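Written out below as C-alpha cells is the structure these notes cover.
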Amino acid sequence: MLFDHCADCRRCCNVDSGHPPLEVSLTKAETKRFKSICIEDNCEHLGDQGCTLGPKKPFSCTLYPLAYSPKSKEFYFDTDCPLMPKYFRQLKNSQSEASTHLATMQSMIKKLQKTDTLFLKKNHEIDVDYFNLKKIP
C-alpha cells in the first residue's frame, strides 16, 4: 500500500526543532470536533502504525502530501515527501491508490470551494510556510 510507508517516515507529523509549532488547519466541521490540533514537535495523534485518527483525521492531513492553491486552483506536492516518485508513477494507472487519493481530494476540494473557502485559503498559507511545494507535473 502506498501510504503504509507514512508510519515509518512521519515527516508530515513532526516539527523540526527551532521551528514554531504547526497549527493544523481545520474545516468548520473539524473545528467543532477537534477544537484545535497543534503540533509542537510530534503530533499527539501519531502512533506506531501512523495516524490514530484513521479516516477521521483532518482533511489537511488526508490531503498531504498534496497541497491545493485556491488562487491558482492547482495542486502542489511536498518535495520532501519520499512517497512522491511512487505516487507519480501510480497516477499513470487510474485504479491505483494514488489516483484514488487524487480523485478524492479533487472531490473534497470542490465541496470546500462551496462551503469553506476560508479553510482552503488558510490551509494553503500554512502549506506554503511549512512544506517545500512544487506544482504537480
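Just so you know, all these numbers are worked out from the coordinates, no wet-lab data involved. Please read these numbers as outputs of a predicted model, since none were measured by experiment. All Cβ positions, glycine included, derive from the backbone under ideal geometry; neighbour counts span all protein chains shown.
One table, with the values for the structure above:
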| read-out | value |
| --- | --- |
| Positive-pole candidate from ILE39, PHE75, CYS6, dipole of the chain, charges at beta carbon | PHE75 |
| Contact order relative to length of the chain, as percent, for alpha carbon pairs under 8 angstrom and 6 or more apart | 27 percent |
| Whether the range 1-54 is rounded, prolate or oblate, judged on the alpha carbon gyration tensor where a/c under 1.5 counts as rounded | oblate |
| Extension reserve of the LYS71-ASN14 stretch, reckoned as 0.36 nm per residue once the Cα distance is removed | 17.8 nm |
| Rg/Rh ratio calculated on Cα atoms of the range 42-88 (Kirkwood radius) | 1.02 |
| Total charge dipole magnitude, the chain, about the Cα centre, Cβ charges on Lys, Arg, Asp, Glu only, Debye to nearest 20 | 840 debye |
| Ellipticity estimate at 222 nm from DSSP helix runs (n ≥ 4, -39,500 (n - 2.57)) divided over the chain, nearest 500 | -11500 deg cm²/dmol |
| Residues whose placed amide H lies under 5 Å from that of SER96, excluding near-sequence neighbours | none |
| Amide H partners (placed H, <5 Å) of ILE136, local residues excluded | PHE75, TYR76, PHE77 |
| Whole-Hz couplings from phi, Karplus 6.51/-1.76/1.60, listed for the range 9-16; x for Gly and Pro | 5, 6, 4, 6, 10, 10, 10, 5 |
